[in-house]
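Inspection log for the structure reproduced underneath, given as structure tokens.
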Amino acid sequence: MIRQQAQSADSGRIGGALVHAVLLASAALIIIPLIWLVCASLKRNEDFFTSRFLPAGSGFLGVAWERLTLDHFRSLAQLGIGRAALISVFLASVTAVVATMAAAMGGFALARLRFPGRRLAESLVLAAIIIPPTLLLAPGYQLLFQLGLLDTMAGLILPAAAPAFGVYLFRQATLSSVPPQLLEAARIDGCGDISAFFKIALPLVMPMVSAFLMITFLGTWNNFLTPQVVLQTPSNFPLAVTVAQLRGVYYQEYGLLMAGTLVSIAPLLLLFLLLQRDFISGLTSGAVKG
Amino acid sequence: MRTNSDGDAAAIGRIPFGPIVILVAAVASTLLLAARPAQDRHEVRMWTFARLHHQIYQQQVAEWNVAQTPRIDLSLLSLLAIEQRMLSAFLAETTVAELIEVERRNAARAFAGPLESVGFVDLTDRLKAEGLDQAINPASFSPWTTRGRIFGLPHDVHPVMLGYRADIVESAGIDVSKIETWDDFAHVLGPLMADRDADGRPRRYLLNLWETHFEVIELLLLQAGGGLFDSDGRPTLDDPINADVLVQLAVWCAGPDRIAADVPYFSASGNKLLLDGYVIASFVPDWMCNIWRNEIPQLAGKVKLMPLPAWKPGGRRTSVWGGTMLGISRTAANQEALWEFAKYLYLSPISARELYTKGDIVTPVRSLWSDPVFDQPDAYFSGQAKGRMYIELAPHVPVRHSSPFGAIAADRLQTAAISVAAYARRAPGATRAELLSEARRALAVAQADVLANVRRNSFVRADFHEEAGQ
């Protein structure tokens with residue numbers, strides 16, 4: 001019996017070690033490009049094509065440390081990367097907050113309120129999900145032009161303020177997390193629709209709020225196409241567009257490009273590391289299990 | 001059955017950390033942006049697509065803004081963004097910059113409609129009245145000309161030479177001055193491809209060329225006297241000269257005596273192969289000197305330039321690659337002042353010097369070619385006076401005719417080139433006549449396809465339209 005237990009413990013340890021080995025290999029696969037990116041952002045043009053990671057030399061670990069440079073980051077600062085980062089934070093966070101609130105309210109209305117045209121509204125929301133966003137770029141541009149919103153931040157935030165996917169997501173979250181009896185009880189106690197949303201429904205769908213905020217933040221941060229089309233003044237460009245501008249038509253400053261890429265993904269990495277628990281709990285909160 | 005949300009009961013009611021962080025970021029960034037000082041709005045916007053041009057122009061624009069009006073606001077945008085906005089503006093009257101600097105393929109897309117609807121100001125009469133049509137190298141006008149009218153001020157000439165590894169060539173005791181034709185090129189440099197380790201493949205090839213390098217194929221067609229369109233905008237893909245060039249291309253890239261290798265232009269992998277000496281020679285227009293200098297500084301003093309070998313003795317020793325123009329938007333106010341600025345930016349002696357010293361680009365203004373700056377030896381190119389070399393070739397640059405269907409023609413020509421090279425690989429013993437027959441077949445298909453597209457346009461050329469239908 002003891003022998004069997006020992007054997008079982010041994011096989012458990014071996015299995016665990018195997019799992020860890022696979023996970024470590026997978027982690028290495030993911031982290032190696034990031035390490036390469038960091039190294040590339042510190043290399044001079046002369047060393048870019050002659051060393052895989054850091055330039056070889058006689059310094060510590062066989063690396064020519066004296067050949068590394070921060071010039072690319074200095075150039076980025078001169079090109080206004082700080083301003084672009086601020087604009088990215090503004091666009092991503094404001095869009096995330098506005099879109100999440102609008103989607104949560106819309107989802108709550110579709111799920112728990114009875115009003116004429118609700119079915120039609122639901123169908124329209126579903127239909128809107130089917131249309132690829134790229135298809136809306138041209139008519140959206142024309143509309144923004146007619147509204148005088150081209151080259152403005154509002155021209156980016158307003159079209160993203162009520163995403164159909166978000167409205168439907170919150171409709172489903174409300175249906176599964178907000179019991180109608182609770183809302184009826186609240187109404188009997190004198191609660192109106194708006195109070196019921198903020199005091200009852202919103203706290204109950206809070207995990208989904210966290211997840212959707214993160215999804216929208218990430219999506220807006222990484223969005224290149226819409227700001228590229230809508231914004232025209234370079235001093236208003238967010239990071240995604242500013243970094244893309246570093247890429248020349250023919251001539252590339254690879255170090256600068258890598259440094260720009262690093263700057264554009266670093267805040268996201270940091271944010272995800274800080275908030276990963278909220279993000280994952282939000283994503284799994286609607287999952288069904290037996 | 002239950003949902004996970006049941007398990008999250010403990011979390012309900014409290015506001016998680018994530019939303020608080022994002023909310024704080026929203027408020028803080030809004031306040032910081034609101035506190036930004038108001039921007040100094042200029043009267044005229046100018047868009048450019050090249051970082052190098054943007055850097056070069058900044059000083060000149062600043063000086064103009066101090067002394068002259070209207071004040072110019074120079075912006076760098078990606079080429080795709082400029083093309084999209086330009087076409088949107090020209091077709092749907094959305095906002096657009098008053099001055100647009102654009103590359104030749106993008107500019108040609110604006111020439112699709114009736115002449116009076118082209119979004120750029122027609123500069124033909126101004127150019128003629130001021131004698132600029134004579135002062136500027138004539139071939140530089142052709143990409144911006146449609147149906148005889150010129151819609152852009154040319155920025156450059158862009159003659160092409162071969163850039164070669166002088167260190168390898170000279171250490172082998174080879175004298176490139178003996179090369180006059182492409183046949184000479186293969187013959188004189190041939191010893192460099194000797195298979196020294198007898199593994200069945202040479203360590204290096206002579207020419208950076210592949211059937212997928214469309215822009216290089218086009219420059220070879222132009223050098224040989226072929227091309228994609230004639231002066232009326234009629235597709236000429238099935239020109240016999242084009243067929244001859246495609247056959248030679250297939251022989252170089254896929255024949256048993258192959259001399260060419262695929263070293264992608266404008267890529268990190270291509271730069272590494274150039275550095276390793278995998279190919280001896282590459283096609284180098286003037287602007288590419290600047291790219292080599294900045295991206296592959298290790299080649300300094302190891303490379304030289306020579307005129308392109310001709311297709312036949314006494315033939316053309318150069319071609320053309322790339323091209324930029326400055327156009328004035330038709331809806332812009334104060335077009336006279338914009339014209340003055342355009343001339344100041346592109347045609348002044350100071351501009352020509354700046355363009356060459358910072359960008360290695362030769363001005364199209366012929367009277368400025370005597371500037372001694374072009375005679376200075378260039379250490380990167382082993383002390384050659386490369387400016388003078390390019391200028392000597394500039395008058396021989398071939399004419400390229402623009403067409404809004406240029407992108408389609410380029411695509412179909414590429415397909416034809418790939419088809420001929422594939423045929424050469426499938427049939428290694430194929431005779432030149434067999435390859436020529438395949439090239440004619442592939443180009444006839446390409447021609448028919450491009451013609452079918454052109455026929456749909458009722459504005460480009462009404463008279464040849466009918467011929468095409470015959």
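The values are calculated or read from the model by the stated rules, or taken from the named source; none is laboratory data. Values in this document were obtained by computation on a predicted structure and should not be read as measured data. Here the Cβ is made from the backbone with ideal geometry for all residues, glycine too, and neighbour counts use every protein chain on show.
Structure notes:
- Residue B:380 vs. criteria within 14 Å of another protein chain (Cβ to nearest Cβ), crowded, with 17+ Cβ neighbours inside 10 Å and not polar (S, T, N, Q): yes
- Some residue of the range A:39-55 being aromatic (Phe, Trp, Tyr), out of contact with any Lys or Arg (no Cβ under 8 Å at 6 or more places or on another chain), surrounded by 12 or more Cβ atoms within 10 Å (Cβ to Cβ) and not in a helix (DSSP H, G or I): yes
- One residue alone among A:224, A:272, A:198, A:212 is surrounded by 21 or more Cβ atoms within 10 Å (Cβ to Cβ) and either outside the structural domain of residue A:86 (by TED's automatic domain parsing) or among the aromatic types (Phe, Trp, Tyr) (or both), and that residue is A:212.
- Of the residues contained in the range A:13-32, none is found to be touching a residue at least 24 places away in the same chain (Cβ under 8 Å), surrounded by 10 or more Cβ atoms within 10 Å (Cβ to Cβ), away from every other protein chain (no Cβ under 14 Å) and at negative phi.
- Check on residue B:5, at the interface with another protein chain (Cβ under 8 Å from one of its Cβ atoms), modelled with pLDDT under 85 and in a helix (DSSP H, G or I): yes
- Residue check, residue A:256 within 11 Å of another protein chain (Cβ to nearest Cβ), among the aliphatic types (A, V, I, L, M) and surrounded by fewer than 21 Cβ atoms within 10 Å (Cβ to Cβ): no
- Residues that are under 22 Å from residue B:244 (Cα atoms) and not acidic (Asp, Glu), drawn from the range B:162-187: B:162, B:179, B:181, B:182, B:185, B:186, B:187
- Scanning the range A:62-84 for residues that are part of a loop (DSSP other than H, G, I, E, B) and closer than 15 Å to residue A:259 by Cβ, we see that the one that is nearest to the other protein chains (Cβ to nearest Cβ) is A:79.
- Only residues that are surrounded by fewer than 20 Cβ atoms within 10 Å (Cβ to Cβ), within 12 Å of chain A (Cβ to nearest Cβ) and at pLDDT 95 or above were counted across the range B:276-303, and they come to 1.
- Residue match in the range B:224-247 (condition: over 26 Å from residue B:409 (Cβ atoms), buried (at least 21 other Cβ atoms within 10 Å of the Cβ) and under 25 Å from the mean Cα position of the chain (by Cα)): no
- Residue within the range B:346-359 that is touching a residue at least 24 places away in the same chain (Cβ under 8 Å), closer than 25 Å to residue B:152 by Cα and within 14 Å of chain A (Cβ to nearest Cβ) present: yes
- All conditions in (1) more than 14 Å from every other protein chain (Cβ to nearest Cβ); (2) exposed (fewer than 12 other Cβ atoms within 10 Å of the Cβ) hold for residue A:59, with the sole exception of (2).
- Total residues in the range A:203-228 satisfying the condition of being more than 10 Å from chain B (Cβ to nearest Cβ) and closer than 16 Å to residue A:103 by Cβ: the figure is 4.
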